[in-house]
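One structure is given below, encoded as structure tokens.
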Amino acid sequence: MPKDAITVRLEADKRDQLDKLATVFDRDRSYVINAAIDAYLDVHRWQLDHIEEGLRQAEAGEFASPEEVTAAFARLR
């Protein structure tokens, strides 16, 4: 896949931490940054997918009954 170069302003201590991780993993800084971005995108994509599904269910009137809500809270206690 083609790659684009981007410029990011970063505090020096964060750059130093990235470089330390890169050294430990025997990778370059770009690898560590890409791995961090991948993790960030995965988490936020997962959250957005679940929010969209919840909105779809709400718009379809697919709500839990009061009894189901009570039972779910009872299981969590």
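The values are calculated or read from the model by the stated rules, or taken from the named source; none is laboratory data. Nothing here was measured: the structure is a model prediction, and the numbers come from that model. With ideal geometry, Cβ positions are generated from the backbone for all residues, glycine too; neighbour counts draw on all protein chains shown.
Here the condition is being assigned to a loop (DSSP other than H, G, I, E, B) and surrounded by 10 or more Cβ atoms within 10 Å (Cβ to Cβ); of LEU10, LEU41, LEU18, it holds for LEU10 alone. For PHE63, the conditions (1) at pLDDT below 95; (2) part of a helix (DSSP H, G or I); (3) aromatic (Phe, Trp, Tyr) all hold with the exception of (2).
Looking only at segment 21-38, which residues are surrounded by 11 or more Cβ atoms within 10 Å (Cβ to Cβ) and not in a helix (DSSP H, G or I)? Scanning segment 21-38 gives PHE25, ARG27, ASP28.
Looking only at residues that are among the small types (Gly, Ala, Ser) and within 26 Å of the chain's Cα centre (by Cα) in segment 43-60, which one is modelled with the highest pLDDT? Looking at the filtered set, the residue picked out is GLY54.
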